[in-house]
Every structure is written in structure tokens, then in C-alpha cells.
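Engineer: There's a structure below that I have some questions on.
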Amino acid sequence: MTIHDLDMFKDVESINYHTETYSDKAIIKLSGDQVDGLGIVLEGQALMQYINEEGQLMTITDFSPGQTFGGNRLFCNDNTIPMTITAKGTCVISYVSKETILELCQTNQHFLIHFLKDLSSKSDILSSNIRQIKFVTIEDQIIHYLTSEMKKRNAMSFELAISKKEWAEQLGIQRTSLSRTLQKMQKKGWISYKNHHYQLINHEIFC
């Protein structure tokens, strides 16, 4: 993938940017770093994470090829990034400067529309993920996550692409707590699961 493969840049003839390659678990942006450009993931995956008061690593969202980060902070008075972004596997990212983004917004309507849509989409995803984290119990968080997957796939039975370790990080809990709660839910007859495959049994809970 190249930067010109993104809908946002398809109508842009020439653009200045630079590209960086990060190794697995390398820090891409540290919490508190200034955001001076739009980051665009071209290869690999980037994770936005923070450590809560109990020292647990929490994954707020992930950025896959074609997705951007930092756009919502570019023109803030406090243009620092609120959470650390790290690489998952080898990650290639291109950066477009704040000045270039501003110029494109002023001169290219196609870019402006897609840039604003991208910002709105990021806001919706972040709000949804934060609501999920704020659920009181681990069981509530699991139900919310599996319900979301069910609605996306329109099926009560599906494979999860993430490991239990990654899932636990997204929920901000220990892996053992996730596994223990899943076992309890299976004993209650709410779900059935093996490895990465999950079947939702109780229709009243998952709705």
C-alpha cells in the first residue's frame, strides 16, 4: 500500500511526506509527544494503549493499513497525543505535516471531505471503545464485545481474529480473569467456545 491508495489522497497529484519503519513493540508516539503530522499506517499494525492505575496495559484501539492517527490533535491548542502508540509487528507509517494538511484542506475539497469523515469515524470508534472499558464487570465487557462481533458478522457463531491476550489488553484486564469469566459464562450455558471459535447461545443476553 502507498499513501496514494487512500481515498483521501486519490485526488492529490503531489504531496510531501516521509516514511518511517518500526520494529515490533517499538514506540511510535509516546503519551505527551507533540503531534506535528498525520500518521498513515501503510504496513503492519499500530496499537493505541495506556497503563491504568493498577498497572494493567489497556489497548484502546488499533490502526491497520490504510488507517490514520493524529488528525484530531493537529489543530488543538494542546496538540499532544494522549496515549502511547506502539507497533505490533513490523509497522510502516507515512507522515504528512500539519502545514500540508492545512493547505490541502484549503485547496482540495475532495481531501477536506474525506479528512473530516476520517476524523468523525475515529471519534465514533474511540467513544465506543471507551464506553466498553467503563462497563462495571468483566462479564459486561465480554457480553458487549461479543454482541458487537455478532452484529458485525450477522451470526451467532464466529471466529475471533485476536488472541485472549490481545482481547484482555483491549478490555484492560488480566488474561487469567478473561479466561475465568469465559469459563463461567460457558458453564451458565450463555456461550460455547473452543480456541478462537465462539458460539453465542443465550439470545436474551446477546441482543
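Engineer: Can you tell me which condition Gln186 does not meet? The list is (1) within 30 Å of Thr86 (Cα to Cα); (2) part of a helix (DSSP H, G or I), and all the others hold.
Structural biologist: The failed condition is (1).
Engineer: Separate question: Could you list, ordered by first residue, the pairs with Cβ atoms under 8 Å in which the first is in the stretch 60-76 and farther than 18 Å from Glu166 by Cα and the second is hydroxyl-bearing (Ser, Thr, Tyr), at least 6 apart or interchain?
Structural biologist: Qualifying pairs under 8 Å: Asn72/Ser123; Arg73/Thr80.
Engineer: Out of the residues in the stretch 167-205 meeting the condition of being surrounded by fewer than 19 Cβ atoms within 10 Å (Cβ to Cβ) and aliphatic (A, V, I, L, M), tell me which one is nearest to Ile142 (Cα to Cα).
Structural biologist: Ile205
Engineer: If you don't mind, another one. Go over the candidates Asp33, Asp24 one by one and state the one that is under 13 Å from Thr84 (Cβ atoms), among the acidic types (Asp, Glu), at pLDDT 90 or above and in the same structural domain as His110 (by TED's automatic domain parsing).
Structural biologist: That would be Asp33, the only listed residue that is under 13 Å from Thr84 (Cβ atoms), among the acidic types (Asp, Glu), at pLDDT 90 or above and in the same structural domain as His110 (by TED's automatic domain parsing).
Engineer: Further question on the same structure: Return the residues of the stretch 77-125 that are assigned to a loop (DSSP other than H, G, I, E, B), crowded, with 16+ Cβ neighbours inside 10 Å and in contact with a helix residue (DSSP H, G or I) (Cβ under 7 Å, 6 or more places away or on another chain); say none if nothing qualifies.
Structural biologist: Scanning the stretch 77-125 gives a single hit, Ile81.
The values are calculated or read from the model by the stated rules, or taken from the named source; none is laboratory data. All figures in this text were calculated on a predicted structure; none of them were measured in a lab. So basically every Cβ, Gly included, is an ideal-geometry build from the backbone, and we count neighbours across all protein chains shown.
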